[in-house]
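A quick write-up on the structure given underneath.
The values are calculated or read from the model by the stated rules, or taken from the named source; none is laboratory data. Since this is a predicted model, take the numbers as computed values, not measurements. All Cβ positions, glycine included, derive from the backbone under ideal geometry; neighbour counts span all protein chains shown. Only protein heavy atoms, including side chains, enter the accessible area calculation; ligands, DNA and RNA are left aside. Shrake-Rupley method; radii C 1.70, N 1.55, O 1.52, S 1.80 Å.
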Amino acid sequence: MVLVAVFGVALLIAVLLSGLAARTVLSTSFLFLVGGALVSDGFLGLIHITPDSGIVAVTADLALFAVLFTDGMHVSFPKLKENWKNPARALALGMPLALVGMALITHYVVGLDWTTSFLVGAVLAPTDPVFASAIIGRKEVPSKLRQLLNVESGINDGLALPVVLVLIAAAGPTAGHTAEMSFGSIGLELALGLAFGVAAPLLVHWLVRFRLLGAEPKLQPLLPLATGVILYGVCHLTHANPYLAAFSAGAVIAATSEEAKHAFEPLGEALAELAKFAALLVFGALLTPQLFGDLSVGGYIAVILAIVLIRPASLLLSLIGTRFERKEKLVAAWFGPKGFASVVYGLLVLQAGIPHGQEAFTLIAVCIAFSIIAHSSTDVPIARIFHVEKLAGIPGSDDDHRSGAATRADSVTRPRTDAHTDTETATVADTDTDASHDDAPPAALPEQGSKESSGRART
């Protein structure tokens, strides 16, 4: 119950400061991370959480699933069809380059063996757009840039997992035999995850078309939620990849039913936010002074290079020859934050009991913490490069909206930027044309189907 009370207090403080966070380098993600650290054994000692605590793995797993499920709904297949080459470059070239680059630094600077070094590279290769939401969620930012970052981050989690599992097996005491067995089982897990992610929403969409079936308006948001809950349970029961399933299911829901997508978005974004905040609080509790003290000087050098060199260089190389402008390439290269996938995979490394597993986890955890702070505190300043002046509906802020959309600035909160607003409660989303519609009753939702999702607001 102490953890629940601490989470409630942290949530209240984050909401009250969210208006300030919308206009400054402060972020609610940072608040939960610091809050978790303050109440841990390293400081106030209100909650006692260790890396092997079950709640750590559960909260990170749920948060990653929820974030990927809502991320998938932001994918536009028509636009992806036009710009598929850019995400493909980032995934097929940029991600392997980042993995290898991180492995080289880990081996030569930190001193870990090659297998563990490549394992650290695989864990830190996935990116998470949660901590770059002022970029991902704004229509003023070029759509091809938003599409690149969102699709890359949604798919690279599932691509990194098999590599992580194989390297864990290779680093273990029964390396050869276990690694050989892993290839087949990992391939099956990925295939099942993709199959379930596509089949589940299609089945639900087919059931809704029956004359005697269908959700009443106020329960429509629960239809995609039920699909996600079932999918999460089935994936864990069958050992299918839940992350690939979550992202693909969200994308299929968005492609097959605009009504279901728009009905679920407010609820889905709120649930994903809660799961994310809970995971950040729990992860923050692991960031004790002892953890930071255990990392060597070489480890800190590796962390800094991972953030300011490895990701930027690998993505810039993968985007050579594309039509991105220089500033777009630089923004895409910088925003490669390490998120919940790296937390989950780092815990797998720690719990596998492999040699040097503790050292690897310490390096991974510190890198994630530094990445969250660096990227979540720079998305607002960098967003202004694209003339994103009004990042949230804060009273008194200037609105430099070029498309002539009506100014609506009544909110003191900062929702994820695809939020639908309610005229009676006067809660306001941002002023771009993607989020300028009011929250209509579910019966009127099909009329909103042509409006593109604009992603998250700053977290």
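Computed quantities for the displayed model
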read-out: Above-threshold pairs, the threshold being 25 Å between Cα atoms, out of K218/K261; K81/K338; K85/K338; K81/K276; K261/K338; value: K81/K338; K81/K276; K261/K338
read-out: Ellipsoid semi-axes in whole angstrom, largest first, where each is sqrt(5λ) of the Cα gyration tensor of the range 33-79; value: 33, 12, 6
read-out: Inter-site label distance for L12 and V297 at 7 Å from Cα along Cβ, in nm; value: 4.6
read-out: Computed lengthening from A191 to H48, 0.36 nm per intervening residue step minus Cα-Cα distance; value: 47.7 nm
read-out: Å² per residue, accessible surface of the range 42-110 at 1.4 Å; value: 46
read-out: Label-to-label distance, nm, for residues given as L274 and L91 (7 Å Cα→Cβ offset); value: 3.1
read-out: Label-to-label distance, nm, for residues given as F77 and E216 (7 Å Cα→Cβ offset); value: 3.2
read-out: Dipole axis of the range 258-376 (+1 Lys, Arg; -1 Asp, Glu on Cβ), positive-most option in L280, V303, L291; value: V303
read-out: Accessible-area composition of the range 204-284, carbon plus sulfur, in percent [1.4 Å probe]; value: 71
read-out: FRET efficiency for I55 and A226, using Cβ-Cβ distance with R0 set to 22 Å, rounded to 0.05; value: 0.35
read-out: Highest-first arrangement of 262-274, 78-90, where packing means the average Cβ count within 10 Å; value: 262-274, 78-90
read-out: Residue-normalised accessible area of the range 147-258, given per residue in Å² at a 1.4 Å probe; value: 48
